[in-house]
1. Fully extended, how many nm does the chain gain between Thr6 and Phe86 (0.36 nm per residue separation, minus their Cα-Cα distance)?
2. Per residue of the stretch 192-209, what does 6.51 cos²θ - 1.76 cosθ + 1.60 with θ = phi - 60° give for ³J(HN,Hα)? Whole Hz please, x for Gly and Pro, Karplus curve as stated.
3. Taking only the Cα atoms of the stretch 94-133, how large is their convex hull per residue, in Å³?
4. Taking the mean number of other Cβ atoms within 10 Å as a proxy for protection, how do you rank 155-163, 132-140, 92-100 from highest to lowest?
5. Hey, what do the phi angles of the stretch 37-52 turn into as Karplus ³J(HN,Hα) couplings, whole Hz, using 6.51/-1.76/1.60 and θ = phi - 60°, x for Gly and Pro?
6. In whole angstrom, note down how far apart the Cα centers of the stretch 65-91 and the stretch 146-209 are.
7. Report, to one decimal in Å, the Kirkwood hydrodynamic radius for the chain based on all distinct Cα pairs.
8. List the equivalent ellipsoid semi-axes of the stretch 99-165 in whole Å, largest first, each obtained as the square root of 5λ for an eigenvalue λ of the Cα gyration tensor.
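Derivation of every value follows stated rules applied to the coordinates shown; laboratory data play no part. Everything quoted here is computed from the prediction, not taken from an experiment. Virtual Cβ from ideal backbone geometry, glycine too; neighbours counted across all protein chains shown.
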Amino acid sequence: MFQRHTIPVTAFEQNCSLVWCDETQQAALIDPGGDIPKLLAAVKARGLTLSALWLTHAHIDHAGATGTLARELNLPIIGPQRGDQFWIDGLPKQSQMFGFPQAEAFTPTRWLEDGDTVTVGHCTLQVLHCPGHTPGHVVFFEPTTRHAFVGDVLFAGSIGRTDFPGGSHPTLIAAIKDKLLPLGDDVTFTPGHGPESTFGEERQFNPFL
């Protein structure tokens, strides 16, 4: 069965998600933005084997620790979509601008596209390309628990910023309305920052939609 645990990291309080299959104890980290000792402690405390790093997008608070973790632990980097290559290339500069530990640029082991799937143990998640916050932003949806990991596309009561390079407000709104909300009002989601919510709550009450 699919399991998840949220680990806020960095001064930006970014929601890194530890996800795993409780049959195999295989695990992945979604958006390991920083605080590597904290992340590895969470993996160890649950007796898991970390097998991959998954990225929704390549902003520093989501991807800052990815290159180092991948190199030190020999882990594959899965995602985002290749539209975020310029953000990955700029990670070292981003880390300097925002006072983060020095981040390493990297080349993902596998780029993701809309309709792809990713697996951890016996669990399979669907990939949705949801640009607008960044060009290559993706969302991971786990159908058995009806849960989505949406990065910075959607928040409880808000939406992602679109004023960064490559951002687009109309594109973001279209991604939310055409890709995410049709999954169903009952779907819960972990945003990149802040509390969880449901697509139903956001469809009804989010003032930006």
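1. That pair, Thr6 and Phe86, stretches by 26.1 nm at full extension.
2. With coefficients 6.51, -1.76 and 1.60, one gets x, 8, x, x, 6, 8, 10, 5, x, 4, 6, 4, 7, 10, 5, x, 9, 10 Hz.
3. Here the figure is 128 Å³ per residue.
4. 132-140, 155-163, 92-100
5. x, 5, 5, 5, 5, 5, 5, 5, 4, 9, x, 9, 10, 6, 10, 6
6. 23 Å
7. 16.7 Å
8. 22, 18, 12
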